[in-house]
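Step one of this worksheet: look at the structure below.
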Amino acid sequence: MKLPSILLGRKLDSHKGDYGHLLVIGGSPGLTGATALCSLSALRAGAGLVTLGIPESLNPILEVKLTEVMTKPLPETKEKTVSLKALPTVLEFSKKIDAFAIGPGISTQKETADFLLNLLPQIDKPTVLDADGLNILAKDISVLKKINAPFILSPHPGEMARLVKKPLSEIQKNREKITRDFAGAYRVVLVLKGSKTIVADQKNTYINHTGNPGMATAGSGDVLTGIIGALLAQGLSSFEAAKFGVYLHGLAGDLAAQNKGEISLIASDILEKLPEAFLTSSDFLQSGQN
């Protein structure tokens with residue numbers, strides 16, 4: 001396995017623009033933490049710049065939560081979720097970025113769903129979609145056929161069941177086949193989370209062996225979305241970003257469990273161990289394991 005250059009260190013004359021600009025879109029009342037975890041993990045995973053697009057009335061909350069992450073207040077609905085009116089703003093801002101991470105805390109409010117389903121076919125940058133973004137997509141899966149940009153979906157088994165309209169039990173019994181079939185049918189990279197997370201595209205499959213049951217905790221998936229988004233912004237292919245993302249996320253979770261135990265593990269513990277995960281991952285990556 002070839003080690004991505006971004007994991008080997010940085011040249012002396014680097015500047016933040018060399019390492020990509022990620023736009024995270026999400027957030028709704030009660031779910032600002034999801035966007036904060038996603039945005040911070042993206043910075044910890046090496047993105048040079050991260051901007052968080054958030055409903056405008058929630059912006060003051062995120063400006064308190066976040067220091068290094070920039071925020072972009074977006075037009076909102078009466079429920080304080082992202083409005084369809086945000087579409088021109090996001091499309092114009094997308095000219096400045098290198099990748100999207102969409103979905104953490106975004107809600108499934110009807111107008112927000114309309115915003116997302118109109119946005120996705122117009123995106124021309126690599127994108128990772130997660131959380132309620134997936135639940136919105138499940139309402140009109142045909143939108144995937146209209147997307148031309150590199151695209152990653154990262155469902156947990158319940159979200160996958162909604163995407164393919166099959167029982168959860170069937171998803172769990174046929175994890176690898178369902179992942180490969182979906183990735184091939186829709187020309188995307190699919191990350192089916194869970195024990196031994198599976199990553200597949202039209203040609204390749206990777207089964208991850210890092211991680212532990214303590215990572216089954218609120219916000220863990222938001223951290224993963226940020227990591228994958230950051231790797232996309234830094235120029236990795238969709239499959240590489242997903243593969244290395246799930247590996248590093250699981251490794252950070254394993255390192256956190258060594259200190260906190262599985263029962264007490266929370267998502268911010270995973271986030272805090274990301275630097276150590278990057279520092280200790282080189283041997284695995286160079287060993288040729290897959």
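Within region 70-89, the residues that satisfy the criterion of being surrounded by fewer than 23 Cβ atoms within 10 Å (Cβ to Cβ) and among the aliphatic types (A, V, I, L, M) are Met70, Leu84, Leu87. For Tyr206, the conditions (1) more than 23 Å from Leu52 (Cβ to Cβ); (2) at pLDDT 95 or above; (3) in contact with a Leu (Cβ under 9 Å, 6 or more places away or on another chain); (4) not in a loop (DSSP other than H, G, I, E, B) are fulfilled apart from (3). Residues in region 3-30 that are modelled with pLDDT under 90 and within 30 Å of Leu134 (Cβ to Cβ): Pro4, Ile6, Leu7.
Residue selection: Asp269 fails the criterion of being part of a helix (DSSP H, G or I), acidic (Asp, Glu), in contact with a Pro (Cβ under 6 Å, 6 or more places away or on another chain) and at pLDDT 95 or above.
Just one of the listed residues (Ala218, Ala185) is small (Gly, Ala, Ser) and either assigned to a helix (DSSP H, G or I) or modelled with pLDDT under 95 (or both), namely Ala185.
Of the residues screened, Ala99 is one that is modelled with pLDDT of 95 or more and either among the hydroxyl-bearing types (Ser, Thr, Tyr) or touching a Gly at 6+ places or on another chain (Cβ under 6 Å) (or both).
A quick yes/no check of all residues on (1) in contact (Cβ under 8 Å) with a residue 12 or more places away in the chain; (2) more than 16 Å from Ile270 (Cβ to Cβ); (3) not small (Gly, Ala, Ser):
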{"residue": "Ala185", "(1), (2), (3)": "no, yes, no"}
{"residue": "Asn204", "(1), (2), (3)": "yes, yes, yes"}
{"residue": "Ile207", "(1), (2), (3)": "yes, yes, yes"}
{"residue": "Pro213", "(1), (2), (3)": "yes, no, yes"}
{"residue": "Tyr247", "(1), (2), (3)": "yes, no, yes"}
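Scanning region 117-136 for residues that are assigned to a helix (DSSP H, G or I) and buried (at least 24 other Cβ atoms within 10 Å of the Cβ) gives Asp132, Gly133, Ile136.
Of the residues making up region 121-170, just one is touching a Lys or Arg at 6+ places or on another chain (Cβ under 7 Å) and of a type in the set (Ser, Thr, Tyr), namely Ser154. Picking from residues in region 218-243 that are in contact with a Leu (Cβ under 6 Å, 6 or more places away or on another chain) and of a type outside the set (A, V, I, L, M), the one that is nearest to Tyr186 (Cα to Cα) is Gly229.
Within region 46-95, restricting attention to residues that are among the small types (Gly, Ala, Ser) and over 15 Å from Glu111 (Cα atoms), which residue is farthest from the chain's Cα centre (by Cα)? Checking each candidate, the answer is Ser57.
Hey, among Leu232, Leu224, Leu190, which residue is in contact with a Lys or Arg (Cβ under 9 Å, 6 or more places away or on another chain), part of a strand (DSSP E or B) and touching a residue at least 24 places away in the same chain (Cβ under 8 Å)? Show your work before the answer.
Numbers: Leu232 fails: part of a strand (DSSP E or B); Leu224 fails: part of a strand (DSSP E or B).
Leu190 is the lone residue from the list that is in contact with a Lys or Arg (Cβ under 9 Å, 6 or more places away or on another chain), part of a strand (DSSP E or B) and touching a residue at least 24 places away in the same chain (Cβ under 8 Å).
Residues in region 12-45 that are of a type in the set (Gly, Ala, Ser), over 24 Å from Thr217 (Cβ atoms) and touching a residue at least 40 places away in the same chain (Cβ under 8 Å): Gly20 alone.
The values are calculated or read from the model by the stated rules, or taken from the named source; none is laboratory data. Here the structure is a predicted model, which means the values were calculated and not measured. Here Cβ is always computed from backbone atoms with ideal geometry, including for glycine, and neighbour counts include all displayed protein chains.
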